[in-house]
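Structure first, commentary second.
The values are calculated or read from the model by the stated rules, or taken from the named source; none is laboratory data. This structure is a prediction, so every number in the text was calculated from the model and none was measured. FYI the Cβ positions are ideal-geometry reconstructions off the backbone, even for glycines, and counts take in every protein chain you see. The area values use the complete protein model at the heavy-atom level, side chains included, leaving out ligands, DNA and RNA. Shrake-Rupley method; radii C 1.70, N 1.55, O 1.52, S 1.80 Å.
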Amino acid sequence: MREDPSFQKNDFVRERYSGAMPPQEDRPSRAKLFWRRQRRLVRPAIVFLVVMGLAGAGMRLLYDAASEERFAPLRERLVAMEPLPIRHIVINGRGMTSEASIQDALGTSIGHPIFGFSVEAARQRLDELPFIDHATVERHMPDTVIITLVERTPIAVWQDRGHFMLINRVGEEVPDQGLTGKNAQAFLQLPLVVGEGANTAAASVIDALNHEPLVKAQVTALIRVGSRRWNATLKDGTTILLPEGEEAAAFARLARYQQSMRLLERPVQSIDLRLPDRMVVHQPPQVAVPPAEGAKPDPSPSSSPPPADSTKQP
C-alpha cells in the first residue's frame, strides 16, 4: 500500500509547530555571537594586565630602592628572608686608594647578604677616603656589588711660604683640599716639593725619583733652587745637590752607590752630584777637642766648612 507523501509532510509540519517536536535554531543569538568575538581578546588582555602589574611592582621597587629611607623597611624584610649572598665585588677606577680601605668603607664582603648593607651609607663612607672625589655603589642582582670611583690625582705636596697644598701634574692646586681630616693621610703619602716654581717643575723630578725606589725611600723633600735645579733632602738631613736637567741620571748614580756602599745611610752633610764625572761628599765639621793640660796644640789648621751651593753651576 502506498503512503501518501502529502500526508506525511503535513503531519511533520503540524507536529513541529504544535510543540510535539522542539524547533531547531537556525542561527545563534546576538549575545552568543558577541561573546564569541570577545573571547579572542580576553586572553591577551589578561596577559597584558599581568605584565603591567609586574612592571608596576618593579618600578615601585626601584623607586623605593632609590631612597634609603623608603628602602630600609623593605631591605629588612628581604634580609629576614633567605639571603642572596654576595659573590662578586667589582671595583672600577681605583688607583691610589687601597682595596682594604675600600672594603672597610663598603661595610660588607663576599658571602654576606646583598641586601644587608646600605648603598647610600657605603657611598658616603667611600667619599670620605683620601684621594676619592666621589663614588657610586650599585647592587646588580643576584650576587654582584659594583663600586665606581673617581679619584683626585695629586702627585705632590707643595710648600710655598708656609702654606701646604696638593698639586697635580701641571702644578695646579687640587681643589677643595687642605691639611685637615682625611686629607692629612694624603699629605703623608706624597712627596714634598718646596720653593717658588716647584709646583710647575715637580712632575719630571718626581717621575725620575719614582724610577729609583732605593733613593725614593730615603728622600723626604725636593727643594727648588734658583728656579732652575733641585736639591733633595734625606731622612737624616743630608742634602743631595742635583744637576740641572739631569735628575734621572743623578738618581741612578745614587741608587748604584746605595746598593754597593749604603751611601745614603752614612753620616755626611751633603753629596754634590752636579758634575757628571765626579761626586763630592762633604763630611760634617769636626768638633774641636780641647787639648789636655800640658799638651802642645796641633799646628795644623782646622778644617774649613764645606763650600755652600753657589748660584752658578760649575
Exception for Gly181 within (1) open to solvent by 60 Å² or more (accessible area, probe 1.4 Å); (2) at pLDDT 85 or above; (3) in a loop (DSSP other than H, G, I, E, B); (4) farther than 21 Å from Ala221 by Cβ falls at (2)
When every residue in segment 224-258 that is open to solvent by 60 Å² or more (accessible area, probe 1.4 Å) and either of a type outside the set (Gly, Ala, Ser) or in contact with a strand residue (DSSP E or B) (Cβ under 6 Å, 6 or more places away or on another chain) (or both) is compared, the one nearest to Ala156 (Cα to Cα) is Lys235
Restricting segment 113-133 to residues that are in a strand (DSSP E or B) and closer than 24 Å to Gly95 by Cβ, the one most open to solvent (accessible area, probe 1.4 Å) turns out to be Asp133
The residue that is least open to solvent (accessible area, probe 1.4 Å), considering only those in segment 67-88 that are modelled with pLDDT of 75 or more and over 21 Å from Leu149 (Cα atoms), is Pro85
Exactly one of Ile91, Ile102, Ile110 is assigned to a strand (DSSP E or B) and at pLDDT 90 or above, and that one is Ile91
